[in-house]
1. Rank the residues Thr83, Thr66, Thr28, Thr41 as a footprinting-exposure proxy: fewest other Cβ atoms within 10 Å of their Cβ go first.
2. Straight distance only, please: which lysines reach the Cα of Lys16 with their own Cα at less than 16 Å, same-chain residues fewer than 8 apart left out?
3. Could you put Ile107, Ile50, Ile76, Ile20 in order, starting from the residue whose Cβ has the fewest other Cβ atoms within 10 Å?
4. Using the number of other C-beta atoms within 10 angstrom as an exposure proxy, rank Ile95, Ile125 with the fewest first.
5. Step through the table entries Lys38/Lys134; Lys82/Lys137; Lys38/Lys111; Lys11/Lys134; Lys11/Lys38, compare each Cα-Cα distance with 30 Å, and write down the pairs that go over it.
Amino acid sequence: MVENLKMSHLKLFCEKHGIIHEFSSPRTPQQNGVVERKNRTLQEMARTMIHENNLANNFWAEAVNTSCYVQNRIYIRPVLEKTTYGHFNGRRPNISYFYQFGCTCYILNNKLYLKKFDANAQRGIFLGYSEKSKAYKLYNSETVCVEESMHVKFDDKELGNETLEQDERVADIQVPEHTSEPDQTAEYEEIPEAEITPEAQDEVASET
């Protein structure tokens with residue numbers, strides 16, 4: 001009943017605005033190339049995010065939601081020269097709060113009673129952004145559940161620090177300023193010219 005009501009509203013909307021509602025044949029995804037390509041882009045991005053951070057496949061739904069959330073705010077449509085978010089809301093998106101998917105985070109423990117010297121943070125994994133509030137979606141490794149919170153600190157600079165340390169180690173290698181080049185003239189020694197004997201001269205004269 002609800003499905004029929006939605007379809008009737010959609011049909012009236014299309015007729016009012018002069019939109020022709022076309023349907024694709026069953027089990028023929030190639031007829032709807034735009035949607036299939038979008039689904040493939042989301043799937044590939046989510047798979048890359050999961051395997052890059054060595055996460056379990058159980059987080060595939062959070063990875064897809066985060067991929068869609070990010071793509072709507074960073075991909076610019078060539079015709080409109082705007083992102084999907086900018087075209088829909090009429091303003092440029094703010095991405096200053098973005099963090100690396102799957103990075104380590106520390107969640108403030110404000111739910112349990114803590115003693116003076118107990119740890120006030122719990123280790124977790126960053127999974128994305130909340131759809132209902134301005135909060136982050138996190139996986140708490142201690143409570144083994146997904147929660148939303150704004151009181152969180154991220155640690156997504158580990159790879160950058162390792163790269164920086166490698167660059168410093170490479171920079172510490174000293175290269176001598178004056179290097180002696182091999183003497184190439186020793187490889188090319190002068191070859192004495194062959195001397196023509198009197199017998200050879202007589203043979204040449206007889207042949208001519």
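No value in this document is a laboratory result; all are computed from the given coordinates. Small disclaimer: the values here were computed from a predicted structure and weren't measured. Please note: Cβ atoms are built from the backbone with ideal geometry, for glycine as well, and neighbour counts cover all protein chains shown.
1. Thr28, Thr41, Thr83, Thr66
2. By straight Cα distance, Lys16 reaches Lys6.
3. Ile20, Ile76, Ile50, Ile107
4. Taking fewest neighbouring Cβ atoms as first place, the list is Ile95, Ile125.
5. Table pairs above 30 Å Cα-Cα are Lys38/Lys111; Lys11/Lys134.
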